[in-house]
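Asker: Sharing a structure with you now.
The values are calculated or read from the model by the stated rules, or taken from the named source; none is laboratory data. Since this is a predicted model, take the numbers as computed values, not measurements. Cβ: placed from backbone, ideal geometry, glycine included. Neighbour counts: every protein chain shown.
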Amino acid sequence: MKNTIYILCLALLALSCDREEFLDIQPKGQVIPSKIKDYRLLLDQTERFGNTQGLQVISPGFVNSYSNSELASDDVMITDNFISFYPEGSTSTNTFTWNDNIYTDAQEDGDWQALYGQIYVANIIIEDILNTIDGTLEEQMALKAEALAHRAFANFILVNLYGVHYNVASASTDSGIPLRLGTELVSVQLPRATVQEVYDVILSDLNEAIDNLPETAELVHRPSKAGAYALLSRVYLYMGDFEKARDAADSALTLSNTLVDFNIFPDWFFPTIAELGDIAQEDSEIIWHKASNATYGTRLASNEYLSLLEPTDQRRRLFGPPSLFGLSGTEQIYAMGFVRNFRPVGPSVPEMLLTRAECNARLNNLTPALSDLNTLREKRMDTGTFVEIVSTDQDEVLALVKKERRLELFMKGHRFFDLKRYNIYDTPTINLTHVYDGNSFNLDANSKNWALPIAAKYILQNPEIGENTRD
């Protein structure tokens with residue numbers, strides 16, 4: 001009989017179940033991890049509650065990540081032509097209209113569930129890895145480093161989904177998220193830490209992890225120095241520490257810097273399975289693989305986004321016509337979901353180039369900022385059409401970097417968070433308007449609704465979490 005690695009994350013998933021539920025379960029024929037290979041198996045699980053190397057693994061997996069941010073941004077729209085895909089009261093529509101409640105009292109939030117589940121399993125590894133009955137200290141510390149990096153990523157996404165954006169003037173008092181740093185299940189209280197406290201843990205985890213990670217990962221879902229530096233760069237960028245964000249991006253790019261020329265792909269959708277593959281391991285631009293739990297086959301690019309695409313921009317081929325669904329119309333569907341079964345939201349080479357470019361632009365280092373911008377654009381324009389951007393105006397360069405960031409990172413989990421931070425660090429601020437079924441819905445720049453509502457189910461079970469204040 002094949003053994004099963006049994007993890008108690010189902011007791012919380014995490015924070016979603018009654019605190020003492022499942023506490024005494026240890027099924028016959030199943031084992032608690034005790035060897036290096038057991039923990040390696042857990043960290044290498046890429047499918048949620050799936051099979052790894054022939055063994056069933058009861059854990060949430062470390063690849064599955066967030067999806068809720070895209071529909072809340074200005075990169076998408078819902079037209080009457082596609083309204084049947086977005087019925088009133090659905091979680092997608094509630095997100096799109098910034099409803100006070102995205103989920104019913106009985107519904108799970110897939111983002112919350114997946115990310116806290118990963119944190120719980122990471123905590124098991126962090127607490128217990130040094131007690132394995134085999135393996136060297138070097139092997140143990142390497143696996144602990146991976147768990148710390150995964151915990152940092154999960155906490156970072158959670159605090160940016162359900163908290164207000166980091167603001168140095170108020171981060172020490174702004175409500176963040178519950179911090180789970182242990183594996184206890186009995187009499188656990190789950191008050192929210194401040195945004196600053198959450199960021200402190202994220203930075204501590206990443207800085208501790210980096211020393212014991214390999215420079216690059218053998219398998220792209222595993223954390224590495226390149227991946228940890230890339231996440232560290234994203235964290236510092238969100239904190240407004242542009243020098244540290246630039247330096248971390250530079251460290252990541254020193255270790256991983258492959259850019260793909262989009263002209264190698266055939267017409268229409270790209271990258272096709274035949275050209276780039278439907279396996280993250282084969283995408284050389286991915287530094288650390290995290291994937292959204294939704295590929296978004298029916299998402300419509302907003303008219304504002306489409307207006308930014310130049311006629312010679314290869315990225316125009318990301319989209320397809322409504323005829324894919326037997327519909328007429330002029331909308332442009334984000335069609336990557338038809339040719340890939342994953343949507344990457346983890347750190348990538350293009351993200352790091354754009355982060356370094358933005359930081360240099362904000363620091364008025366315009367020559368290196370433009371160099372990174374042109375390096376990326378050269379790989380995205382039709383062959384023979386690329387024209388190098390030249391400017392000595394700081395505001396213009398920053399605007400160009402922001403435009404390129406929006407174009408390049410479409411549907412990769414960035415835009416909603418970018419808007420949140422622009423409203424903290426830049427002027428003028430940005431208000432959003434979405435139209436659904438003839439009605440307009442507004443999200444003002446200073447609205448508390450930029451922090452997504454926490455699902456009622458979790459607050460009912462753990463009242464100390466508290467609801468996010470809504471406008």
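Asker: Being of a type in the set (Gly, Ala, Ser), at pLDDT 90 or above and surrounded by fewer than 21 Cβ atoms within 10 Å (Cβ to Cβ) narrows it down to one residue among Gly89, Gly54, Gly50, Gly29; which is it?
Answerer: Working: Gly54 fails: at pLDDT 90 or above; Gly50 fails: at pLDDT 90 or above; Gly29 fails: at pLDDT 90 or above.
Selected residue: Gly89, the only one of Gly89, Gly54, Gly50, Gly29 that is of a type in the set (Gly, Ala, Ser), at pLDDT 90 or above and surrounded by fewer than 21 Cβ atoms within 10 Å (Cβ to Cβ).
Asker: State the number of residues belonging to the range 363-378 that are under 24 Å from the mean Cα position of the chain (by Cα), closer than 25 Å to Ala228 by Cβ and of a type outside the set (A, V, I, L, M, F, W, C).
Answerer: Qualifying residue count for the region: 1.
Table: residues versus (1) surrounded by 18 or more Cβ atoms within 10 Å (Cβ to Cβ); (2) modelled with pLDDT under 95.
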position: Glu358; (1), (2): yes, no
position: Leu366; (1), (2): yes, no
position: Leu370; (1), (2): yes, no
position: Leu376; (1), (2): yes, no
position: Asp382; (1), (2): no, yes
position: Asp395; (1), (2): no, no
position: Glu408; (1), (2): yes, no
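Asker: Here are the criteria: (1) within 23 Å of the chain's Cα centre (by Cα); (2) at pLDDT 55 or above; (3) surrounded by 21 or more Cβ atoms within 10 Å (Cβ to Cβ); (4) not small (Gly, Ala, Ser). Tell me which single one Leu15 does not satisfy.
Answerer: Unmet for Leu15, out of (1) within 23 Å of the chain's Cα centre (by Cα); (2) at pLDDT 55 or above; (3) surrounded by 21 or more Cβ atoms within 10 Å (Cβ to Cβ); (4) not small (Gly, Ala, Ser): (2).
Asker: Kindly establish whether Gln118 is crowded, with 24+ Cβ neighbours inside 10 Å and either touching a helix residue (DSSP H, G or I) at 6+ places or on another chain (Cβ under 9 Å) or part of a loop (DSSP other than H, G, I, E, B) (or both).
Answerer: Yes, satisfied.
Asker: If you scan the range 70-85, which residues turn out to be assigned to a loop (DSSP other than H, G, I, E, B) and either surrounded by fewer than 23 Cβ atoms within 10 Å (Cβ to Cβ) or of a type in the set (Val, Ile, Thr) (or both)? I'd like the intermediate steps shown before the answer.
Answerer: Quick first cut of the range 70-85, residues assigned to a loop (DSSP other than H, G, I, E, B) only: 73-75, 78-79.
Selection gives Asp74, Ile78, Thr79.
Asker: Can Ser204 be described as part of a helix (DSSP H, G or I), among the hydroxyl-bearing types (Ser, Thr, Tyr) and without any contact (Cβ under 8 Å) to a residue 12 or more places away in the chain? Working first, answer last.
Answerer: Working: part of a helix (DSSP H, G or I): yes; among the hydroxyl-bearing types (Ser, Thr, Tyr): yes; without any contact (Cβ under 8 Å) to a residue 12 or more places away in the chain: yes.
So Ser204 fits the description; yes.
Asker: Right, next: Would you call Leu181 more than 15 Å from Ala149 (Cα to Cα), part of a loop (DSSP other than H, G, I, E, B) and in contact (Cβ under 8 Å) with a residue 12 or more places away in the chain?
Answerer: Details: more than 15 Å from Ala149 (Cα to Cα): no; part of a loop (DSSP other than H, G, I, E, B): yes; in contact (Cβ under 8 Å) with a residue 12 or more places away in the chain: yes.
Judged against the criteria, Leu181 is not a match.
Asker: For the range 184-200: of the residues being surrounded by fewer than 21 Cβ atoms within 10 Å (Cβ to Cβ) and not hydrophobic (A, V, I, L, M, F, W, C), which is farthest from the chain's Cα centre (by Cα)?
Answerer: Among them, the one singled out is Ser187.
Asker: Taking the condition of being within 30 Å of Pro321 (Cα to Cα) and either crowded, with 23+ Cβ neighbours inside 10 Å or modelled with pLDDT under 95 (or both), how many residues in the range 229-268 meet it? Steps first, answer last, please.
Answerer: Initially, the range 229-268 is screened for residues within 30 Å of Pro321 (Cα to Cα), giving 259-268.
Okay, now just the ones that are also either crowded, with 23+ Cβ neighbours inside 10 Å or modelled with pLDDT under 95 (or both), so 260-268.
So the answer is 9.
Asker: Restricting the range 207-244 to residues that are among the charged types (D, E, K, R) and assigned to a helix (DSSP H, G or I), which is nearest to Arg151 (Cα to Cα)? Walk me through how you get there before you give the answer.
Answerer: In the first step, residues of the range 207-244 are kept if they are among the charged types (D, E, K, R); the result is 208, 211, 215, 218, 222, 225, 234, 241, 243-244.
Next, from what is left, pick out any that are assigned to a helix (DSSP H, G or I): 208, 225, 234, 243-244.
Working: Glu208: 12, Lys225: 15, Arg234: 15, Glu243: 24, Lys244: 21 Å.
The qualifying residue nearest to Arg151 (Cα to Cα) is Glu208.
Asker: Return a yes/no flag: does the range 429-447 have any residue that is at pLDDT 95 or above, touching a Phe, Trp or Tyr at 6+ places or on another chain (Cβ under 7 Å) and part of a loop (DSSP other than H, G, I, E, B).
Answerer: Yes, there is a match, as at least one residue in the range 429-447 is at pLDDT 95 or above, touching a Phe, Trp or Tyr at 6+ places or on another chain (Cβ under 7 Å) and part of a loop (DSSP other than H, G, I, E, B).
Asker: Only one of these is of a type in the set (Ser, Thr, Tyr) and within 20 Å of Tyr199 (Cα to Cα): Thr173, Thr136, Thr104, Thr132. Name it.
Answerer: After ruling out the rest, the residue left standing is Thr173.
Asker: Where in the range 300-398 are the helices (runs of 4 or more DSSP H), entirely inside, with at least 2 residues that are within 26 Å of Phe153 (Cβ to Cβ)?
Answerer: Details: elements: 303-307, 349-362, 366-378.
Fully inside the range 300-398 and qualifying: 349-362, 366-378.
Asker: Within the range 213-228, track down each residue that is buried (at least 17 other Cβ atoms within 10 Å of the Cβ) and either out of contact with any Gly (no Cβ under 7 Å at 6 or more places or on another chain) or under 22 Å from Glu127 (Cβ atoms) (or both). Full working, then the answer.
Answerer: Pass one, the range 213-228, residues buried (at least 17 other Cβ atoms within 10 Å of the Cβ): 213, 217, 220-228.
Across the range 213-228, the qualifying residues are Leu213, Val220, His221, Arg222, Pro223, Ser224, Lys225, Ala226, Gly227, Ala228.
Okay, residues lined up against (1) free of Cβ contacts under 8 Å to residues at least 24 places away in the same chain; (2) farther than 28 Å from Phe319 by Cα:
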{"position": "Ile78", "(1), (2)": "no, no"}
{"position": "Ser90", "(1), (2)": "yes, no"}
{"position": "Phe96", "(1), (2)": "no, no"}
{"position": "Asn123", "(1), (2)": "no, yes"}
{"position": "Leu130", "(1), (2)": "yes, yes"}
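Asker: Kindly establish whether Ser34 is in contact with a Leu (Cβ under 7 Å, 6 or more places away or on another chain) and at pLDDT below 95. Lay out the reasoning, then the answer.
Answerer: Values: in contact with a Leu (Cβ under 7 Å, 6 or more places away or on another chain): no; at pLDDT below 95: yes.
Considered against the rule, which asks whether it is in contact with a Leu (Cβ under 7 Å, 6 or more places away or on another chain) and at pLDDT below 95, Ser34 comes out as no.
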